[in-house]
Every structure is written in C-alpha cells, then in structure tokens.
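Take a look at the structure below.
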Amino acid sequence: MTCLCFLCVSRDYDELSSIMAVCIAVIAKENYPLYIRSVPTQNELKFHYTVHTSLDVVEEKISSVGKALADQRELYLGLLYPTEDYKVYGYVTNSKVKFVIVVDSSNTSLRDNEIRSMFRKLHNSFTDVMCNPFYIPGDPIQSKAFDSMVSAMMVQAC
Amino acid sequence: MADEALFQFLHNEVIQYVYKSAENGEMENGRCITRLENMGFRVGQGLIERFTKDTARFKDELDIMKFICKDFWTSVFKKQIDNLRTNHQGIYVLQDNKFRLLNQLSAGKQYLEHAPKYLAFSCGLVRGGLSNLGVKSIVTAEVSVMPACKFQVMIQK
C-alpha cells in the first residue's frame with residue numbers, strides 16, 4: 001500500500017464539480033486491463049496506479065469469500081479503500097472480470113446506492129459487449145456504445 | 001411457442017450449412033464437429049455472462065455445475081438436467097432424458113449415426129460457459145437411446 005503516497009496531488013476542485021466518476025476501469029480475469037478511462041484533465045498514469053493497487057484488495061476480498069458466510073457472495077464489493085483524494089470501489093462478475101470505479105472524495109452526493117447502480121449499468125453494458133459476435137473475448141474493449149455509457153457516468157448531466 | 005422453435009430451426013440450419021460447405025470442399029470433412037463445437041463455445045461464453053449477471057458469486061465447482069444443470073439448461077433447452085452425477089474428482093455426468101435438440105428426430109435407431117452433429121454445438125456451449133466461469137474442461141456427449149443423452153464434463157486441473 002506504500003505506493004499510494006504518489007497519488008496525493010493537489011487539484012483544482014472547481015472544474016471537477018460536475019464529475020461523477022474520475023476513472024473507470026475494466027480488468028480481465030487474468031488481471032490485465034480491458035478498458036481504462038479517466039477524466040482527461042488529470043494525470044492519467046496516476047489513475048493507472050490507483051486501479052492497479054486496488055486489484056490486491058479485490059483479490060483479498062474474493063478469496064475471503066470462502067471463509068466468510070453467504071452474505072459476502074454479492075458481486076458488488078463495496079469500498080475497496082479510501083485515499084486522501086479518492087474513493088475506490090470494486091465489483092467482480094462471476095466470470096472474474098473486475099470493474100473499478102474511482103470517485104472524488106469531495107463528492108459527497110454519491111451514495112452507496114448510486115455506486116451500485118453505476119456498477120450495474122457497467123455490467124449490463126459489458127454483457128452486451130461480450131455478446132457481440134465481433135468482439136473477441138479478452139481483447140481491449142473498443143465498443144462505441146460502451147464508451148458513451150462510460151462517458152455518461154463520468155460527467156453528470158446537470 | 002414460436003420463439004422456442006427459432007433456436008431449433010437455426011441450429012438445424014447451422015448444421016446443414018457446415019456440412020454443405022464441407023461437401024463443396026471448402027472445408028475438411030472431419031472438421032465439421034470441431035467447427036460446430038467452436039461456435040457453441042463462443043455462444044456459451046456470451047450466454048453465461050448474461051445468465052450470471054444477477055446471481056451471487058459461486059461457492060465452488062459443484063455450485064457452478066448445479067447452475068449449468070438448472071438455470072443454464074432451463075434457459076437454453078427449456079428443461080432441467082434430469083440427473084447429475086459426479087465422482088468428486090472432476091468428472092460430472094449430466095443426463096438429459098429428453099434432450100431438446102434430439103427430440104425432433106425419430107426415436108429409433110434410424111438416425112443414431114447423425115446424433116453427434118446435433119450434440120457438438122451443445123458440448124461447446126457447456127464448455128464455453130464453464131471456461132468463462134474459470135473452469136477449464138472437456139465436454140463429450142453420448143447417445144444410446146434417441147432423445148436421451150449424456151454429457152460428460154471432465155474438469156482440467
């Protein structure tokens with residue numbers, strides 16, 4: 001977890017006021033990125049780090065499922081970890097594809113329920129991508145429909 | 001119901017198409033089963049993604065097999081598997097006494113030799129579904145009396 005200290009960078013809060021998620025990533029079951037997108041105003045590499053470090057927490061959460069009781073078997077994993085600036089949420093499909101959403105800590109309007117519905121939308125859209133016969137499973141996602149759905153999540157319609 | 005027939009018609013046509021193109025020399029004859037199986041594999045991958053969207057995470061391998069026998073089979077073949085047996089060492093036998101894709105064929109011995117081509121797609125379907133859930137397997141099918149058939153799933157460790 002020590003690498004998180006890279007991530008604490010000061011930012012301009014004003015321009016972010018209408019943004020819901022700052023980074024959305026889809027990670028394949030072999031833990032390589034299928035899709036990653038972050039708000040263009042900021043350092044993209046930083047988010048790659050954040051998502052990358054979150055995968056350990058995801059792994060920990062899934063493997064603890066065996067020990068914990070049935071209530072831990074939900075696909076939504078909840079808050080993975082908070083940092084000074086961001087909150088990182090995770091979700092794992094039954095096919096072990098991981099979704100990671102990074103939101104701004106200052107954005108207090110986002111509740112657990114909203115995050116949950118964002119993941120649900122993401123999952124629905126990912127399923128559509130998987131069922132597209134022209135998509136080869138395991139390839140980076142290039143679908144325009146998926147892209148525009150992610151864009152809608154990153155910028156809230158005011 | 002009309003929508004139930006559509007899958008069967010399409011499935012029959014896919015088999016016809018694959019075997020016709022083999023006759024015309026576009027493809028080796030022995031590859032037909034493999035080709036049907038591969039089509040099933042890709043479809044299975046997509047289907048399982050859709051079917052498991054609202055289910056809780058699976059506990060273990062047996063939990064996954066039960067899902068295949070119940071939910072997956074009901075969605076694709078409109079009935080559950082009649083019997084699931086396992087040796088608890090990675091071999092599962094799924095028995096369907098009235099398999100939907102064989103149901104339209106004569107129940108006698110007449111078409112028994114054609115049965116494998118009507119099962120290849122389904123074998124791929126199961127293998128694709130399992131592989132997307134992280135279970136590598138080999139799926140084979142056998143028929144002794146017509147509408148009944150057995151699928152054997154061998155899990156690869």
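The values are calculated or read from the model by the stated rules, or taken from the named source; none is laboratory data. Not measured: the values here are computed from a predicted model. Here the Cβ positions follow ideal geometry from the backbone for every residue, glycine too, while neighbour counts run over all protein chains shown. Note: accessible area is taken over every heavy atom of the protein model, side chains too, but ligands, DNA and RNA are not part of it. Shrake-Rupley method; radii C 1.70, N 1.55, O 1.52, S 1.80 Å.
Mind checking segment A:86-158 for chymotrypsin sites (Phe, Trp or Tyr not before Pro) that DSSP puts in a loop (not H, G, I, E or B) and that have at most 11 other Cβ atoms within 10 Å? Walk me through the numbers on the way to the answer.
On the way: sites: A:86, A:89, A:91, A:99, A:119, A:126, A:134, A:135, A:146; in loops: A:134, A:135.
Here the sparse-neighbourhood loop sites are A:134.
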Once you charge only the Cβ atoms, +1 for Lys and Arg and -1 for Asp and Glu, what is the size of the charge dipole of the protein assembly as shown about its Cα centre, to the nearest 20 debye?
-> 980 debye
Leading residue at positive end of dipole, chain B (Cβ point charges), from B:91, B:45, B:22 | B:91
Cross-link reach list, lysines versus residue B:117, counting only Cα pairs under 16 Å and skipping chain neighbours closer than eight places = B:20, B:109, B:150
Extend 7 Å from the Cα of residue B:17 along its Cα-to-C-beta direction; within segment B:121-157, residues with backbone N under 20 Å of that point are B:121-126, B:128
In Å², what does the accessible area per residue of segment B:4-155 work out to with a 1.4 Å probe?
-> 50 Å²
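Tell me the total accessible area that A and B bury against each other, 1.4 angstrom probe, in square angstrom rounded to 100.
1800 Å²
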Expressed in angstrom and ordered largest first, the alpha-carbon extents of the protein assembly as shown along the principal axes are 77, 45, 36
What aspartates and glutamates sit close enough to residue A:61 to cross-link, taking a C-alpha to C-alpha distance under 15 Å and skipping anything fewer than 8 places away on the same chain?
-> A:71, A:74
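How high is the relative contact order of chain B? Use alpha-carbon pairs under 8 Å, at least six apart in sequence, and give a whole percent.
Values: 220 pairs, mean separation 43.1, N = 157.
This gives 27 percent for chain B.
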Once the dipole of chain B is set up with Lys and Arg at +1 and Asp and Glu at -1 on Cβ about the Cα centre, which of B:73, B:133, B:107 lies farthest towards its positive end?
-> B:133
q = 0.11, 0.13, 0.16, 0.19 Å⁻¹, segment B:1-149: log10 I(q)/I(0) [Debye, one scatterer per Cα] | -0.43, -0.61, -0.92, -1.27
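Carbon and sulfur: what percent of segment B:1-120's accessible surface (1.4 Å probe)?
On the way: 3490 of 6850 Å².
For segment B:1-120, the apolar C and S fraction of the accessible surface comes to 51 percent.
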